[in-house]
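Here is the structure we will look at.
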Amino acid sequence: MAEVYDSIDQLPEGLLDSCNETPLPTTLLMCPPTYFDVVDVKNPHMEGSLGRVNFDLADRQWQEVRDAFIRCGARVETLEPLENCEDMVFCANQTLAGLDVEGQRLCLLSQMKHPSRQREVPAFADWFAARGYQVEHLPGEELFEGSGDAVWHPGRSLIWGGHGFRTDPAVYEAVSDYFAAPVLRLKLHSDHFYHLDTSFCAINERTAMIYPPAFDEQGLGLIRAVFSDVIEATEHEALRGFACNATAIGGRCVVIQRGNARAVAQLRERGLEVHEVDTSEFMKSGGSVFCMKMYVF
Ligand code: ARG
């Protein structure tokens, strides 16, 4: 039975504690930026970036991100990039991978908004199937952009579900059924923050870093009810520094775009190990560290 919540007055008491504990993934899937480019405008960050990618720099930055993940103790696996799939490097978007109640590994395929990105999905389906995942499609035609919008609560069988630009809210009924996990739905209303992972970073069971203006009051209420410690990024850090598009590994290590001094200080104050990287070439396409990997269970 699907469990989807939009506001705190709908929330059962003690929801977080009632959700099954899950392991924090330490394997990450990445896709090299061999064919990466900005060829059209899928989000406002891409405006003015057409034909402006420095490909050598993008290659070096991708390696830097991968090395930082490895320094955080992650095992990184890679997927063969496809020609004419200029956004495939953003491998958070093609699927949502996770565990069901029995601990069985499941992979739900995205239904991406842009035709050029729809071509990326079969390669991910094959990769997860070869790894022993049960691979599933959504029952309807609604849009769904995988873990760009659907983010696991660290260590719990609970999903945060962004919607408004790339994902239709209705898909979360099926997502909840499929993983047998409650979904806390968050409406996104600012086009620069078109995927949940651009304004919301779940660091560990207690801590999240968010950009509050990307959410409505109901969404902020849910976030503050479930995370006991909410770090707020400034407008400059969220918009220009992609601070909330950081990746947490093992609940204690965070890889984040360089230059977000205030956010980094707040993370370090909490005893978190922070690794700063430069993703300038990928930010031209509207993505940073979080989008460049998929958590693999
Ligand atoms: N250019 C890509 C797009 O618009 C960027 C995707 C970034 N991914 C993310 N999870 N925010 O689809």
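Every read-out reported here was derived from the displayed coordinates using simple, explicitly stated rules and does not represent laboratory data. In this text, all values refer to a predicted model and were calculated from it rather than measured experimentally. Cβ: placed from backbone, ideal geometry, glycine included. Neighbour counts: every protein chain shown.
Among the GluC sites (Glu not before Pro) found in the range 42-96, those both in a DSSP coil and sparsely packed, with 14 or fewer other Cβ atoms within 10 Å of their Cβ, are Glu47, Glu83.
Comparing Thr27, Thr247, Thr198 in a Gaussian network model of the chain, where Cα atoms under 10 Å apart are tied by springs, the biggest mean-square fluctuation is seen for Thr27.
By the rule of a C-alpha distance below 16 Å, with chain neighbours fewer than 8 residues away ignored, the lysines paired with Lys284 are Lys42.
Listed from fewest to most Cβ neighbours within 10 Å, the set Leu108, Leu222, Leu11 follows the order Leu11, Leu222, Leu108.
Taking 1 over the mean of 1/r across every pair of different Cα atoms in the range 199-239, what Kirkwood radius in Å do you get? Show your work: numbers first, answer last.
Values: mean 1/r = 0.0981 Å⁻¹.
Across the range 199-239, the inverse of the average 1/r is 10.2 Å.
For trypsin sites (Lys or Arg not before Pro), the sites in the range 38-101 that DSSP calls loop and that have at most 12 other Cβ atoms within 10 Å are Arg52. Take the Kirkwood radius over Cα pairs of the range 118-277, plug it into Stokes-Einstein at 25 °C and 0.890 mPa s, and you get 150 µm²/s for translational diffusion. Please list, in order, the residues from the range 1-31 whose amide nitrogen is less than 17 Å from a point placed 7 Å along the Cα→Cβ vector of Ala225. It comes to 3-19, nothing else. Could you state the number of Å between the C-alpha centres of the range 165-200 and the range 1-61? First find each Cα centre; the distance between them is then 11 Å.
Between Asp67, Asp197, Asp126, the Gaussian network model of the chain with springs among Cα atoms under 10 angstrom shows the greatest mean-square fluctuation at Asp126.
Extending 7 Å from the Cα toward the beta-carbon at both His114 and Ile8 defines two label points whose distance is 3.7 nm. For the pair His236 and Thr78, a Förster radius of 25 Å applied to the C-beta separation gives a FRET efficiency near 0.15, rounded to the nearest 0.05. The share of C-alpha pairs in the chain whose separation exceeds 29 Å stands at 26 percent.
Quick one, what does Rg over Rh come out to for the range 257-297 if you take C-alpha atoms and the Kirkwood Rh?
Numbers: Rg = 12.0 Å, Rh = 11.6 Å.
Dividing the radius of gyration by the Kirkwood radius yields 1.03.
The distance linking the range 81-95 with the range 225-265 is 24 Å (Cα centroid to Cα centroid, whole angstrom).
Hey, what's the per residue convex hull volume over the C-alpha atoms of the range 219-297, in cubic angstrom?
Details: hull volume 8.8 nm³, N = 79.
Taking only Cα atoms, the range 219-297 has a hull volume of 111 Å³ per residue.
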